[in-house]
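The values are calculated or read from the model by the stated rules, or taken from the named source; none is laboratory data. No experiment lies behind these values; they were computed from the predicted model shown. Cβ atoms come from the backbone with ideal geometry, glycine included; neighbour counts cover every protein chain shown. Note: areas computed on protein heavy atoms with side chains; ligands, DNA, RNA excluded. Shrake-Rupley method; radii C 1.70, N 1.55, O 1.52, S 1.80 Å.
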Amino acid sequence: MLAWITGLIVLLVKLVVVLVALLLTAAYLVWAERKLLARLQVRLGPNRAGKFGLLQPIADMIKLLTKEDLVPESADRVIFLLAPAVVSVTALLMFAVVPFGTDITLFGRRVPLIISDINVALLLVFAFSSLGVYGVALGGWASNSKFALIGGIRGAAQMISYELPLGLSLVPVVMLARSFSLVDIVNAQNSYPFILVQPLAFAIFVISAMAESKRIPFDLPEAENELGAGFHTEYSGMRFGLFFLGEYVHMQVLGALVAVFFLGGWRGPWLPGPLWLFVKIIAVALVMIWIRGTLPRLRYDQLMAICWKVLVPAALINIILTGFVMLI
Amino acid sequence: MIKLIIDNLRVEVPPGTRVIDAAEQAGIMIPRFCYHPALGAVGACRVCAVQVLEGSCRGIRMSCMIEAEEGMVISTTDEEAVAFRRQVIEWLMANHPHDCPVCDEGGQCLLQDMTVSGGHGRRRLPVKKRTHIDQHLGPLVVHEMNRCIQCYRCVRFYREYAGYTDLGVMGSAGRVYFGRRSDGVLESPFAGNLIDVCPTGVFTDRPSRFKGRYWDFERTPSVCIHCSLGCRVTVNTRYREVVRVEAAHDPQVNGWFICDRGRYGFPYASSPQRPRSARIDGRKSGVDEALDEAARRLSGIAQRHGSGSVALAASGRVCLETLGALTRFGSEKGWRGPFFRAGPRTAEALQSASKNLEEKISISLKDIEKSDFILLVGCDPVNEAPMLALSVRQARRRGAVVALADARSVQLPLDARRLALRPSQLTAALMRFAGKAVADGGAALSDRARGFLQACRDSRVDPAVDEQIDHLGLAARESRRPVVVCGTSAVAPDTPAAAANVARLLAAEGRKAGFFPVLPGANALALGLAGRTADHGAALREALEKGDVRALVVVETNLSELGFSADDPLLENLEALVVCDCLDSAAGRAARVFIPTQTVFEAGGTFVSAEARVREARPAFRGGTPVAQVSGGGHPPRTFSPDIPGADPLPAWQVLAALAREGTRVSADTLRKALPAPLCGAAPGKRLALPASAPDAFQPPEDPATAADGGLEVVVCEHIFGSEPLSRRAACLQELESAPRLGLHPGDAAALQLSAGQRVAVDCGRGVIEGEIEIVNEMARGVLLVPRLRGIDWHAAADGPLVVAVADIRSVKPNGES
Amino acid sequence: MSSDRTKKTKPADHPGTLIAESIKALGSGFATTAKHLLRRPVTEQYPEQKRVLPERSRARIVLTRDPDGRERCVACYLCSAVCPVSCISMQSTGGEGGRRVAAWFRINFSRCIYCGLCEEACPTSAIQLTPDFENCRQDILEMVFEKDDLLVDHGGRDDRYCFYRHAGIATDTAGKGEHVNEQPPVDAKSNLP
């Protein structure tokens, strides 16, 4: 009984720590993105709230929280209100299976640095990732606005399409690690990270992951210059904030997954495991910001062509090649 | 039909069409300054040049000066023609001043448009500009001669079309000058048309000077309600105020022009004195409250004294919707009336004029222009229905004979044969004329017509004038399109019926004869068709004296039109005087309950003109106190408020519906439908369906000659400015009003030992008229003319020509002592 | 990317070349943005760093005066007519000495888009745009300027131009024939050349 209670307390503490860390990182990722983008465009970026604009995320949050929460008159109210939560919750839940480091011993108890190590973790990640589509599609549909609807449809089509290369690119990783558990996958990279043996899978995964997170150059669902703000055109205040949060949590999830699948997860010399993971997440995020600052948005046909004509075949070939190499 | 080609377009026009009109038909607007459809072509401005490629006169020609020919080929876009026109515009601009920003014509200036479209931007002439000294032309028109381009439109309108001579052209060469010999008020009551006619800013509107630009005005098609002709006008409003009224083109009625009364009579609508809130017993109140209170008092009186103790009063300026409300709610509630006109004589004259208007002899103003013989009986066109004078003048210019039988010295812008007759002689004179005008026994005539003809031939007036009338009748024998125009205010009650019968007789003979009544008030014909003859001011007076009427509802009517003065002691007998009006009148101030109504500019309305044409005025703005009066003239209020100050007044018909406790949500359509035929079928823009023949056609008058000896017949004379109750409130027109003087023939004056300038008091039974004597040479003997102007208590004689004994005229000293 | 259409239309290109070119193009793009990271930002820190605007930059509108210090505006309505956002309104009236003046003149700066069309339309050089763009108010009603707020005591750009010296209409500034480039008035009643 006591063990069960302490287990629960430990779990709750882990949850709180991960949640706070994720949200704080998301907030400062926004700041970092704005700052970095500004510099990429020879601007200054936010510099009014606090030193270097460091209080900007807090100011933004206060603003979003205090703004009026508008619901369009003809919107489907329940779904409209739920959709942003779906997006951010699914993004957050994916972190449940990401390992942050080796087990540590606390008060004589072994505490694994993961919220939940399950043997089908990878499938869970894909499941939540697929569920996230609902937030976008339903949010766009429930707004009862043409812009939002088109954005939602684009989002659904794009995210479902890119699930495929995303999943296929990880098949070699699973083959190499011989497990769906992320802990095992990290452990399998004890000697070398998988990026060295699976560069193609890495590229496919990163590209598909960016498409999943609807970031430039794949931001067709919210293409500002054609759709207003796409699927979240009608959202305001903190509900818009939830979409926003979802996107940046998603960025971190991607960073974490890239790190886990290809960069050796929390493994690394000198630094403790969680810090290594954090560094890798931030590195991936910065690269994504750099990409955003550099590449223009794709055309819709290009978007689909890349997915079905390039990424999927390439991923399949990669699986066959990997299997072939493993056999011999 | 002639076929020609203009700019590669096939055009088919009737023979005699000018090329400039033919092009307009095809949708090609050739530039023009001097050409005007009403004034014709003179070829003065040279800007309508076109290239004639095929035809009898090839080369550059003025399109207003050549007629369309079969097979003609014309190009307006030919390089040479365009260069020519561009050149013309440049030299017309050579002396034009640099003052468009301060010129009121700017924005609706033909010269400006042409200069811009001709591409002329900079003056290349190295010579100094020629200048002119301007003249002061009175309160209506501003003169700015520097802007003139010598198109001659103004003098062609003023002298040829309108027939006045005080404006003309002077000078020679580059110094041609259009103006009067010296400064002074323009004599023509049509001078306002100079503003519309002038293609540039030489003549601009003085009352609306610097009030705004054409493009800022809300322009609404409307109808002039200052006389019975129903001329079409365009109302320009801005900031809840009527700024300007312009003539609108109506080929059947007013053509291109309107008179100055119609053009400048509108300021009553935005007068600061105009009542905009209701009053109960002298206390200001909301309109709803006042309507409730009035309805309560009226129903109380109806309960106590019977529904017939409530009477309605109306005048010729109520619209068809209000008249419908009067008819419907009056009959539903059992109220009396509506009472209109001062007494039995004027009421009967109006009634006989309106009920005798029938399909065959009813004509329009345009038809008058085409007639070849016009007999004006007891009417003074310039003062009673001004545009009629212009129509008669156009007929005269085409060679028609114009004859005038009237007691007054009627001034016309044309030469007419005059018969100075007392009102009581007019019927007999008309009939004698008809007896001579019909050539033979009239085999084609019906029995009734032949009976009337016989009565005509038996008619005698006065040996002194019989011979003149016979001459006139003989002159009318040859006419193909004779017209009888008959007034209603200075005639005997049976004269309009006799006039209609004369027209009928001439028509029965096979000619295209017409009868045109001149009526008092914009909607007088409708009142005549809808009302009962017995309901007139004198009857109301009698009922008041007897105590039969205890409550009076006065709708858009001045009590003087019913023969009452505002302080009439009889009004004291009333338990309730309810006045609904848009004017600040003495009756309104005396009313127990006063309810403000909207003007025609706010409420709109339908009117039936004297020629039975249904005219619609659309609401020009939503009502409310003009912005300039709300803000104290500085600038409009800085704070926003959704409600309009001073917007309490309602249309009169809604007021009536509320008084009858029917609620104000009554549709104007159903009210019009409540009227008797033919008024219930009134459709805007069309003519009323008149009866094919009046029931009492060819009924000879009972006793045609009722000349009273030994007395003077008192005739109330309308004046173009100052008589009509709406326009007399316009400050600019008040400057043009004549001095109020009592007119006497020199013979009568000598007999009465009165001289010009002497002050007399005339006891008319119902009241005393006091005023200075003026000797009028051309008027009839045995008549006293009373002007319907401020300063004279004319309402005592309001009921048509009444006879006063010589003994009733006495001389008074200027301070009023006998 | 290899799916680039324009490149696909060239059959001569070998897929390998295409991929190489694509990667080169991508690389140069990333290199460009990376280089930008090291450049000094061009941003000017507005309230602290104020740039001196060119004399003809277009911001707050003023009404200028004649050389003799009188209002130049003749309330001709051209500026209000040309204004694409209808922020100018006025009422013209007769002023002293036969001049036409504005009884009131109002510009709603909360609507004004500073396009300068009014200045271009003004025939008397009365309405002019100044470089003063710092024209914000907390209360939107304070952005509605009346004539007194708009009038300045100088002539602005055409400081020697006086409309009534050229107009040709008689005012207290110049009578008939006394304007620039005018002959004395003619005597219409004379036929002498």
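Collect the residues in region B:465-500 that are part of a helix (DSSP H, G or I) and more than 25 Å from the chain's Cα centre (by Cα), keeping them in residue-number order.
B:V465, B:D466, B:E467, B:Q468, B:I469, B:D470, B:H471, B:L472, B:G473, B:L474, B:A475, B:A476
In region A:189-229, how many residues are assigned to a helix (DSSP H, G or I) and either in contact with a Leu (Cβ under 7 Å, 6 or more places away or on another chain) or not β-branched (V, I, T) (or both)?
23
Name the pairs whose Cβ atoms lie under 9 Å apart, with the first residue in region B:238-259 and within 14 Å of another protein chain (Cβ to nearest Cβ) and under 16 Å from B:F210 (Cα atoms), the second of a type in the set (A, V, I, L, M) and surrounded by fewer than 22 Cβ atoms within 10 Å (Cβ to Cβ), and 6 or more positions between them or separate chains?
Here the result reads B:R238/B:V627; B:Y239/B:V627; B:E241/B:V627, each pair linking region B:238-259 to a residue that is of a type in the set (A, V, I, L, M) and surrounded by fewer than 22 Cβ atoms within 10 Å (Cβ to Cβ).
Exactly one of (1) touching a strand residue (DSSP E or B) at 6+ places or on another chain (Cβ under 6 Å); (2) away from chain B (no Cβ under 12 Å); (3) not aromatic (F, W, Y) is unmet by C:R160. Its number?
Answer for C:R160: the failing condition is (1).
Within region B:184-226, work out how many residues are within 14 Å of chain C (Cβ to nearest Cβ), of a type outside the set (D, E, K, R), open to solvent by less than 20 Å² (accessible area, probe 1.4 Å) and under 23 Å from the mean Cα position of the chain (by Cα).
Of the residues in region B:184-226, 2 are within 14 Å of chain C (Cβ to nearest Cβ), of a type outside the set (D, E, K, R), open to solvent by less than 20 Å² (accessible area, probe 1.4 Å) and under 23 Å from the mean Cα position of the chain (by Cα).
Could you tell me how many of the residues in region A:49-108 are among the aromatic types (F, W, Y), under 19 Å from A:V10 (Cα atoms) and either more than 17 Å from the chain's Cα centre (by Cα) or part of a loop (DSSP other than H, G, I, E, B) (or both)?
2
Here's a check for you: in region B:122-168, which residue that is of a type in the set (G, A, S) and either outside the structural domain of B:W256 (by TED's automatic domain parsing) or closer than 20 Å to B:P199 by Cα (or both) is surrounded by the fewest Cβ atoms within 10 Å (Cβ to Cβ)? If you could, list the steps in order and put the result at the bottom.
So in region B:122-168, the residues of a type in the set (G, A, S) come out as B:138, B:162-163, B:168.
Cutting the leftovers down to either outside the structural domain of B:W256 (by TED's automatic domain parsing) or closer than 20 Å to B:P199 by Cα (or both) gives us B:162, B:168.
Working: B:A162: 24, B:G168: 15.
Across region B:122-168, the extreme among qualifying residues is B:G168.
With respect to the numbered conditions (1) within 10 Å of chain C (Cβ to nearest Cβ); (2) in a helix (DSSP H, G or I), which one is the sole condition not fulfilled by B:T131?
Condition not satisfied by B:T131: (2).
Scan B:V82, B:V102, B:V73 and give me the residue that is within 13 Å of chain C (Cβ to nearest Cβ) and either open to solvent by less than 10 Å² (accessible area, probe 1.4 Å) or β-branched (V, I, T) (or both).
So the residue among B:V82, B:V102, B:V73 that is within 13 Å of chain C (Cβ to nearest Cβ) and either open to solvent by less than 10 Å² (accessible area, probe 1.4 Å) or β-branched (V, I, T) (or both) is B:V102.
Name the one entry in B:A705, B:A689, B:A694 that is hydrophobic (A, V, I, L, M, F, W, C), assigned to a loop (DSSP other than H, G, I, E, B) and at pLDDT 85 or above. Let's see the steps before the verdict.
Working: B:A705 fails: at pLDDT 85 or above; B:A694 fails: at pLDDT 85 or above.
Just a single option satisfies the conditions, and that option is B:A689.
Quickly run through region B:774-793 and pick out the residues that are over 16 Å from B:Q411 (Cβ atoms), under 21 Å from the mean Cα position of the chain (by Cα) and not in a loop (DSSP other than H, G, I, E, B).
B:V786
Across region B:752-776, what is the total count of residues that are hydrophobic (A, V, I, L, M, F, W, C) and surrounded by fewer than 14 Cβ atoms within 10 Å (Cβ to Cβ)?
Summing the residues that are hydrophobic (A, V, I, L, M, F, W, C) and surrounded by fewer than 14 Cβ atoms within 10 Å (Cβ to Cβ) in region B:752-776 gives 1.
When you go through (1) open to solvent by 10 Å² or more (accessible area, probe 1.4 Å); (2) in contact (Cβ under 8 Å) with a residue 60 or more places away in the chain; (3) under 26 Å from B:A730 (Cα atoms) one by one for B:D548, which number turns out not to apply?
Among (1) open to solvent by 10 Å² or more (accessible area, probe 1.4 Å); (2) in contact (Cβ under 8 Å) with a residue 60 or more places away in the chain; (3) under 26 Å from B:A730 (Cα atoms), the lone unmet condition for B:D548 is (3).
Can you tell me which residue among C:L141, C:L151, C:L78 is touching a residue at least 40 places away in the same chain (Cβ under 8 Å) and within 11 Å of chain B (Cβ to nearest Cβ)?
C:L78
Any idea which residue in region B:448-483 is modelled with the lowest pLDDT, counting only those that are polar (S, T, N, Q) and under 19 Å from B:V377 (Cα atoms)?
B:S459
How many residues are open to solvent by less than 30 Å² (accessible area, probe 1.4 Å) and facing chain B (nearest Cβ under 7 Å) when one looks only at region C:164-185?
6
Given the residues C:T93, C:T130, C:T124, which is the only one that is of a type in the set (S, T, N, Q), more than 12 Å from chain B (Cβ to nearest Cβ) and in contact (Cβ under 8 Å) with a residue 12 or more places away in the chain?
One residue alone meets the criteria, C:T130.
For B:E90, all conditions in the list (1) of a type in the set (D, E); (2) open to solvent by 20 Å² or more (accessible area, probe 1.4 Å); (3) in a loop (DSSP other than H, G, I, E, B) hold save one; what is the number of the exception?
Going through (1) of a type in the set (D, E); (2) open to solvent by 20 Å² or more (accessible area, probe 1.4 Å); (3) in a loop (DSSP other than H, G, I, E, B) one by one, B:E90 breaks only (3).
Taking the stated definitions as given, is B:S479 out of contact with any helix residue (DSSP H, G or I) (no Cβ under 7 Å at 6 or more places or on another chain) and either open to solvent by less than 10 Å² (accessible area, probe 1.4 Å) or not charged (D, E, K, R) (or both)? Please lay out each step first, then the result.
Numbers: out of contact with any helix residue (DSSP H, G or I) (no Cβ under 7 Å at 6 or more places or on another chain): yes; either open to solvent by less than 10 Å² (accessible area, probe 1.4 Å) or not charged (D, E, K, R) (or both): yes.
The answer is yes for B:S479.
Each row is one residue, and each column tells you yes or no for (1) assigned by TED's automatic domain parsing to the domain that holds C:D66; (2) modelled with pLDDT of 90 or more.
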site: C:S86; (1), (2): yes, yes
site: C:S125; (1), (2): yes, yes
site: C:L129; (1), (2): yes, yes
site: C:T171; (1), (2): no, yes
site: C:Q183; (1), (2): no, yes
site: C:A188; (1), (2): no, no
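Given (1) at pLDDT 90 or above; (2) assigned to a loop (DSSP other than H, G, I, E, B), where does B:R766 come up short, assuming only one miss?
(1)
Residue by residue through region A:288-303, note down the ones that are touching a residue at least 40 places away in the same chain (Cβ under 8 Å), part of a helix (DSSP H, G or I) and either open to solvent by 40 Å² or more (accessible area, probe 1.4 Å) or away from chain C (no Cβ under 14 Å) (or both).
Of everything in region A:288-303, those that are touching a residue at least 40 places away in the same chain (Cβ under 8 Å), part of a helix (DSSP H, G or I) and either open to solvent by 40 Å² or more (accessible area, probe 1.4 Å) or away from chain C (no Cβ under 14 Å) (or both) turn out to be A:W290, A:R292, A:Y300.
Under 21 Å from A:L36 (Cα atoms) and without any contact (Cβ under 8 Å) to a residue 40 or more places away in the chain: which single residue out of A:G255, A:G246, A:G268 fits that description? If you could, list the steps in order and put the result at the bottom.
On the way: A:G246 fails: without any contact (Cβ under 8 Å) to a residue 40 or more places away in the chain; A:G268 fails: under 21 Å from A:L36 (Cα atoms).
Result: A:G255 is the single residue among A:G255, A:G246, A:G268 that is under 21 Å from A:L36 (Cα atoms) and without any contact (Cβ under 8 Å) to a residue 40 or more places away in the chain.
Please verify whether B:S738 is free of Cβ contacts under 8 Å to residues at least 40 places away in the same chain, in a loop (DSSP other than H, G, I, E, B) and out of contact with any strand residue (DSSP E or B) (no Cβ under 6 Å at 6 or more places or on another chain), treating the condition exactly as stated. Lay out the reasoning, then the answer.
Working: free of Cβ contacts under 8 Å to residues at least 40 places away in the same chain: no; in a loop (DSSP other than H, G, I, E, B): yes; out of contact with any strand residue (DSSP E or B) (no Cβ under 6 Å at 6 or more places or on another chain): yes.
No, not satisfied.
Would you pick out the residues in region B:627-656 that are surrounded by 23 or more Cβ atoms within 10 Å (Cβ to Cβ) and within 14 Å of another protein chain (Cβ to nearest Cβ)?
Within region B:627-656, none qualify.
Under 9 Å between Cβ atoms, which residue pairs at least 6 apart in sequence (or on different chains) link something in region C:29-57 that is surrounded by fewer than 10 Cβ atoms within 10 Å (Cβ to Cβ) with a partner that is not in a loop (DSSP other than H, G, I, E, B)?
C:L38/A:R39
Anything in region A:113-137 that is open to solvent by less than 50 Å² (accessible area, probe 1.4 Å) and not in a helix (DSSP H, G or I)? List them, or say none.
Correct list: A:L113, A:I114, A:I115, A:S116.
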